[in-house]
Amino acid sequence: MELFFKLEAGYLGIAAFALLTTLFVTTRPFMAKGTYKKGFIFVGSALVAFIGMHYFVKSARIVDVESTFENGGKVICESRATRKVAQSVAIEKSNDWSLKNHMFSSPNYTREFFTARCIVYVPITLSK
């Protein structure tokens with residue numbers, strides 16, 4: 001459950017704002033009676049569906065990234081430290097990277113990377 005809140009905290013905040021906005025709008029005097037119930041059901045179920053789908057897609061990607069890393073594959077992670085050059089870092093087990101609690105770390109690199117911010121490297125092959 002902790003991973004869910006780490007991954008979806010921002011979206012949960014946006015969802016709370018959307019529900020508060022729905023409550024405010026649907027309780028205005030010009031709205032029909034009972035609109036707030038319909039609004040909450042519609043908006044709430046849509047938010048639950050979208051956040052749930054996002055969580056399951058991201059969780060599947062985390063599992064894919066971690067299993068690829070453990071099997072000796074290459075993973076690409078976004079580096080937010082440098083925005084102009086070298087925005088991604090190639091992570092491989094053979095380059096002294098380790099994985100602990102969904103975080104990649106290396107004694108040769110100053111910061112850690114959360115596996116949710118990484119993707120599996122797939123080389124592009126051009127064929128004629």
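Just so it is clear, none of the values below were taken in a lab; they were calculated from the coordinates. Every value quoted in this text rests on a predicted model; they were computed, and no experiment measured them. Neighbour counts run over all protein chains shown; Cβ positions are idealised from the backbone, glycine included.
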*Using alpha-carbon pairs under 8 Å, 6+ residues apart, how would you state the relative contact order of region 2-66 in percent?*
37 percent
*For region 98-128 and region 46-74, what is the separation of their Cα centres, given in Å?*
14 Å
*Once you've got the GNM for the chain with C-alpha springs shorter than 10 Å, pick whichever of L20, L47, L99 has the biggest mean-square fluctuation.*
L20
*In the Gaussian network model of the chain, springs joining C-alpha atoms below 10 Å, which of M53, M103, M31 carries the largest mean-square fluctuation?*
M31
*List every residue whose amide H lies under 5 Å from the amide H of W97, counting only residues 5 or more places away in sequence or on a different chain, with H placed 1.01 Å from N in the peptide plane.*
E92
*For the pairs K6/K100; K6/K93; K6/K58, note any where the Cα-Cα span goes beyond 23 Å.*
K6/K93
*Computed log₁₀ I(q)/I(0) - Debye formula, equal Cα scatterers, no solvent, the chain, q 0.09, 0.17 Å⁻¹*: -0.43, -0.92
*Short version: ³J(HN,Hα) in whole Hz for each residue of region 87-92, in order, from phi by Karplus 6.51 cos²θ - 1.76 cosθ + 1.60 (θ = phi - 60°), x for Gly and Pro, what are they?*
6, 10, 10, 7, 10, 9
*Relative contact order %, the chain, counting alpha carbon pairs below 8 Å whose residues are six or more apart*: 20 percent
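If I take every Cα pair under 8 Å that is 6 or more residues apart in region 74-120, average their sequence separation and divide by the length, what percent do I get for the relative contact order?
Values: 66 pairs, mean separation 17.6, N = 47.
Once normalised by length, the contact order is 37 percent.
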*asked:* If amide hydrogens are placed 1.01 Å from N in the peptide plane, which non-local residues have theirs closer than 5 Å to the one on C118?
replied: none
*About the Cα centre of the chain, what is the dipole size in debye to 20, counting +1 per Lys and Arg Cβ and -1 per Asp and Glu Cβ, all else neutral?*
620 debye
_Which residue fluctuates most in the GNM of the chain (Cα springs below 10 Å): G13, G34, G44?_
G34
*Quick one: which residues, 5+ away or cross-chain, put their amide H under 5 Å from the amide H of S79? H built at 1.01 Å from N.*
S88, V89
*Enter the angle in degrees (range 0 to 90, nearest 10) between the Cα long axis of helix 2-26 and the first principal axis of the Cα atoms of the chain, meaning the one along which they spread out most.*
20 degrees
